[in-house]
Every structure is written in C-alpha cells, then in structure tokens.
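**Student:** Pasting a structure here, questions to come.
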C-alpha cells in the first residue's frame with residue numbers, strides 16, 4: 001500500500017507538560033474540530049493506549065462514522081491514533097510535544113495515510129486531502145495556542161463551573177474550552193441527570209436540584225430560546241421571554257439561598273438592550289426601545305436576587321456571534337457559496353459582531369476579574385454594517401455579493417423581527433478594552449478567515 005505523509009509543526013506559548021496535559025483532558029477533540037467541518041464528536045475516551053475516539057462526519061448528504069484507537073502513548077511526549085473504521089485505507093496520526101525552554105514548546109502532528117482505490121484515489125483526491133489537512137491543522141494549532149494563552153493568563157487553581165444552556169452554540173464550545181483548561185464543568189439539563197457532571201432543572205416548572213450547586217465556584221447562565229428562530233408572534237415572544245426570565249429568576253433565587261454561594265454569576269444578556277442608536281455605543285449608553293430592549297432589561301433584572309445575596313453578577317451583552325456552527329453566519333453561507341450572496345436591506349444597518357473564540361475568552365475573563373460587575377459588551381472592537389459583512393464574506397469565499405434583499409421583503413418574511421435586522425447600534429466593548437482584554441479576532445476579515453479556514457492561521461509554523 002502506497003502511503004502519503006503530512007506534517008505540521010508550530011511553536012506554542014506554553015510549557016511542554018501543560019501543552020501535553022491540554023490534549024489529555026475532556027473537550028480537547030471538540031476544541032480541535034474546525035467549525036467549518038460538519039463533524040460531531042460522539043465519543044472521546046482520552047489519549048492513552050486503547051482509548052477510542054469516534055466522530056460522525058458529514059460528506060455531502062452522507063454521514064460517515066470515523067473511529068480511531070489510540071496507541072504509542074508516552075506521557076508528556078507523544079500519543080497516536082490509528083483509524084479502525086472510516087474513509088481512509090490507512091491512517092496513523094502521531095502527536096508529539098517537544099520542549100523549547102520553560103514556557104514554550106513545539107507541537108508536531110505527523111500523519112501517514114492512504115486513500116481508498118489506490119492510484120485512482122491518489123490521482124483524484126491526493127491534492128484535495130493535503131489542502132484539507134493544511135487548513136485543519138493550521139486551525140488546530142492556532143486554537144491550541146490561543147486557548148493555552150487564555151488559561152495561563154489566570155490563576156491555575158481548577159474551578160468547578162456550572163453552565164446552563166450547555167448544549168447550545170456557545171455553551172457547547174465553552175464547556176470544552178473550560179474542561180481543557182483543567183476545570184470541572186457541570187451542565188444544567190432539562191431532564192434527569194445522567195451522571196455527576198449534570199444537574200437537573202426545569203425552569204418552566206420552577207424546579208432545580210439546588211443541592212448540587214452548593215460549593216460551585218462560578219455559574220455561567222446562557223440558557224434561553226433562540227431569538228433568531230421563527231416569527232415573533234405573540235406566543236413566540238412569550239416563549240422568548242419566559243425562557244429567559246423564568247430561568248434566570250429561578251437560578252438567581254437558588255444561588256442566593258445556598259449556604260456556600262458561588263463567587264460569581266455570569267448571566268448572559270444581548271446587545272439588543274441598546275435598540276437602535278446612532279454613533280458608537282458603549283456601556284454608558286441608555287437602554288433602547290422595542291421588544292428586544294425590553295426583554296434584555298427584564299432578563300438582566302431577573303438576576304437581582306443573586307446580586308442582593310452578595311454574589312458578583314456580570315451581564316455579558318453578546319453581539320452577533322460569527323461562526324459556521326450556527327447563528328447568522330451559518331444561514332448566510334449556503335446562498336453565498338452558490339454565488340447568491342446578498343445584503344439585507346440597503347446595507348447600512350449596523351452589525352455588532354464577535355468571534356466565538358472571543359465570546360469564550362470574555363466569559364472566562366468575567367469569571368476571574370473581580371472588578372467586572374454589571375453589564376459589559378461582548379463585541380469586537382470594530383462594528384460593521386450589513387453591507388460590509390456581505391462584502392467581507394464574498395471576499396473570503398471568492399464569491400459575488402452584489403444582490404440585495406429589500407427591507408420590505410424582509411418585513412414580509414420576518415415580521416417584527418425584521419426591525420432588529422434593519423436597525424441596531426454600533427456597539428463597542430468599552431469595559432473589556434479598558435480592562436485590557438485581549439481579542440484574538442478583532443477584525444472582520446480575520447475573524448471570517450479563522451472561522452472558515454480560508455487563509456493560513458496565525459500559529460507560527462516551523
């Protein structure tokens with residue numbers, strides 16, 4: 001069998017032991033899976049000999065199972081995974097960590113692989129696979145370096161963190177990010193708990209297993225129905241409100257009643273709080289008008305019982321999260337890839353965006369910064385417009401973006417929700433910037449390149 005070889009090396013700003021340990025923790029494979037890949041981590045036992053990793057990978061309309069078994073484990077030095085079921089005729093991936101002084105190391109990924117159908121597979125798929133691996137490992141090494149930099153910027157004492165909305169877009173990524181940093185993550189779930197890492201709650205019924213929250217260090221509350229799904233009918237508005245107010249109130253009252261309270265409740269909010277405003281908008285701006293602004297005001301106020309009990313409460317007002325894993329960008333990608341990219345309205349509507357990596361970083365930052373209390377904006381420092389986003393996405397995908405969806409058509413399609421699309425505010429992260437928070441993707445072009453894997457990453461190759 002004729003095999004090909006792929007190698008990728010880069011320097012990481014962390015010691016070899018810490019870098020190796022990151023790979024051994026829960027959530028590592030999930031963090032390393034690029035968001036543009038339609039892949040789901042089904043199982044990941046670890047990286048010791050015999051441990052299994054299983055993914056469900058979408059290839060066009062077909063879903064394929066990919067199973068690898070780990071081998072060649074040398075603690076602190078290397079591990080490997082070998083395909084036992086999947087798309088390749090042969091696959092052996094070796095990960096090595098080489099120290100470069102006390103606080104730096106080199107991570108090396110080396111893959112020996114063979115495509116199915118022998119020479120025919122190499123002829124038609126060899127170049128495609130090499131390019132795919134280059135994109136993937138540039139992303140993986142940049143993720144590793146960025147995550148380690150954030151984890152090493154705070155005290156290394158492991159925390160126990162409870163997360164609501166843990167299966168949502170942000171919550172899923174946040175759980176993996178915290179776990180790879182060595183923290184224990186407890187997920188609030190709307191069913192019976194299936195293990196000691198889950199806590200049962202039912203906001204609609206007003207029930208929660210409060211005893212399981214005794215002694216947690218921090219709570220990050222992200223739960224709430226998706227504002228961008230479905231028309232805002234009377235019933236849908238009620239659902240959006242109840243999913244936020246009831247859950248936040250229940251959680252805040254429960255935390256307030258604990259004998260051993262968490263140090264902090266990071267309770268999510270949104271930039272909809274500002275409504276439509278002119279100029280750059282920071283946290284000193286007044287509240288706006290409209291359904292979203294009113295919803296956000298009630299949402300934040302519902303956390304008052306925790307605040308009154310002496311718990312530090314921080315409200316991240318989160319902007320439009322740009323990731324192909326979900327949300328606005330995921331909806332835009334199919335038409336743009338088909339050459340049907342369009343601007344919503346006349347293109348002038350403000351759009352305050354943020355990368356998923358920087359959302360995770362800001363939530364992590366809020367847990368540790370004792371002087372970060374109350375509302376703070378989680379947006380990139382460079383807000384844009386609907387038209388500029390369409391142009392940037394067209395550039396990233398090398399596709400035209402000259403179509404327009406008239407505002408009247410949006411109002412017909414979306415109803416009241418169209419107002420939030422066609423108006424808004426240029427929201428800036430004033431408090432995070434004043435506290436010297438480090439944005440990993442501060443520019444729109446850079447954030448799209450990172451999310452879509454369309455250019456080389458910022459990891460330093462060797």
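**Student:** Plugging the Kirkwood radius over Cα pairs into Stokes-Einstein for the range 326-378, at a temperature of 37 °C and a viscosity of 0.692 mPa s, what D comes out in µm²/s?
**Tutor:** Details: Rh = 14.0 Å.
Once the numbers are plugged in, D ends up at 234 µm²/s.
**Student:** Between residue 233 and residue 370, what is the label-point separation in nm under the 7 Å Cα-to-beta-carbon projection?
**Tutor:** 5.1
**Student:** Now for a separate question. May I ask for the Kirkwood hydrodynamic radius of the range 383-462, worked out over all distinct Cα pairs and given in angstroms to one decimal?
**Tutor:** Values: mean 1/r = 0.0649 Å⁻¹.
Taking the inverse mean of 1/r over all distinct Cα pairs, the range 383-462 comes out at 15.4 Å.
**Student:** Something else about it: Suppose a student asked you for the relative contact order of the chain, using Cα pairs under 8 Å spaced at least 6 residues apart; what percent would you report?
**Tutor:** Working: 960 pairs, mean separation 66.3, N = 462.
The normalised contact order for the chain reaches 14 percent.
**Student:** Between the alpha-carbon centers of the range 158-192 and the range 300-355, tell me the distance in whole angstrom.
**Tutor:** For the range 158-192 versus the range 300-355, the Cα centre distance is 20 Å.
**Student:** Rounded, prolate or oblate: which one fits the range 1-63, using the alpha carbon gyration tensor with axes a ≥ b ≥ c (rounded when a/c is under 1.5, else prolate when a/b beats b/c, else oblate)?
**Tutor:** Working: a/c = 1.66, a/b = 1.38, b/c = 1.20.
Cα axes put the range 1-63 in the prolate bin.
**Student:** Please tell me the relative contact order of the range 243-391 in percent, rounded to the nearest whole number, where contacts are Cα pairs under 8 Å and at least six residues apart.
**Tutor:** Values: 221 pairs, mean separation 39.4, N = 149.
After rounding, I find 26 percent.
**Student:** Here's a follow-up. What order, most packed first, do the peptides 162-173, 60-71, 86-97 have when packing is the mean number of other Cβ atoms within 10 Å of each residue?
**Tutor:** Working: 162-173: 21.3, 60-71: 13.6, 86-97: 17.8.
The peptides rank, most packed first, as 162-173, 86-97, 60-71.
**Student:** Inverting the mean 1/r over all pairs of different Cα atoms, compute the Kirkwood radius of the range 96-254 and quote it in Å. All intermediate terms of the calculation are to be shown ahead of the outcome.
**Tutor:** Details: mean 1/r = 0.0512 Å⁻¹.
Evaluated over the range 96-254, this radius sits at 19.5 Å.
**Student:** Round to a whole angstrom and tell me the spacing of the C-alpha centers of the range 96-119 and the range 17-89.
**Tutor:** About 14 Å separates the Cα centre of the range 96-119 from the one of the range 17-89.
**Student:** If packing is taken as the average count of other Cβ atoms within 10 Å, what order do 353-361, 24-32, 299-307 fall into, highest mean first?
**Tutor:** On the way: 353-361: 25.0, 24-32: 19.8, 299-307: 21.3.
Ranked by mean Cβ neighbours within 10 Å, highest first: 353-361, 299-307, 24-32.
**Student:** Given labels modelled 7 Å from the Cα in the Cβ direction, how far is it in nm from residue 110 to residue 167?
**Tutor:** Inter-label distance under the simple model: 4.2 nm.
**Student:** If the viscosity is 0.692 mPa s and the temperature 37 °C, what translational diffusion coefficient in µm²/s does Stokes-Einstein give for the range 311-462 when Rh comes from Kirkwood over Cα pairs?
**Tutor:** Values: Rh = 16.5 Å.
In µm²/s, the coefficient rounds to 199.
**Student:** Now for a separate question. Along its principal axes, what span do the Cα atoms of the range 245-376 show, with the longest given first and each in whole Å?
**Tutor:** 58, 29, 27
**Student:** For the ranges 412-419, 137-144, what's the packing order if you count other beta-carbon atoms within 10 Å of each residue, average per peptide, and put the highest first? Walk me through the numbers on the way to the answer.
**Tutor:** Working: 412-419: 15.9, 137-144: 21.9.
Descending mean neighbour count gives 137-144, 412-419.
**Student:** Between residue 257 and residue 128, what FRET efficiency follows from the Cβ-Cβ distance if R0 is 56 Å, with the result rounded to 0.05?
**Tutor:** On the way: r = 58 Å, r/R0 = 1.03.
FRET efficiency, residue 257 to residue 128: 0.45.
**Student:** With r as the distance between the Cβ atoms of residue 77 and residue 280 and R0 = 35 Å, compute the FRET efficiency 1/(1 + (r/R0)^6) and round to 0.05.
**Tutor:** On the way: r = 50 Å, r/R0 = 1.43.
Taking R0 as 35 Å, the efficiency between residue 280 and residue 77 is 0.10.
**Student:** Calculate I(q)/I(0) for the range 129-183 by the Debye formula, one identical point scatterer on each C-alpha and no solvent, and give its log10 at q = 0.17, 0.20, 0.25 Å⁻¹ to two decimals.
**Tutor:** The computed values of log10 I(q)/I(0) come out as -0.67, -0.82, -1.00.
**Student:** Debye sum, Cα scatterers, the range 4-151, no solvent: what log₁₀ I/I(0) at q = 0.10, 0.15, 0.16, 0.20 1/Å?
**Tutor:** -0.34, -0.79, -0.90, -1.40
**Student:** By how many nm would the segment from residue 67 to residue 331 grow when fully extended, if each residue of separation counts as 0.36 nm and the alpha-carbon distance is taken off?
**Tutor:** Working: separation 264, 0.36 × 264 = 95.04 nm, distance 2.99 nm.
That works out to 92.1 nm of additional length.
The numbers here are math on the coordinates, done by the rules we state, and not lab data. A quick note: this is a predicted structure, and the numbers were derived from the prediction, not measured. No Cβ is skipped: glycine too gets one built from the backbone with ideal geometry, and neighbour counts run over all protein chains shown.
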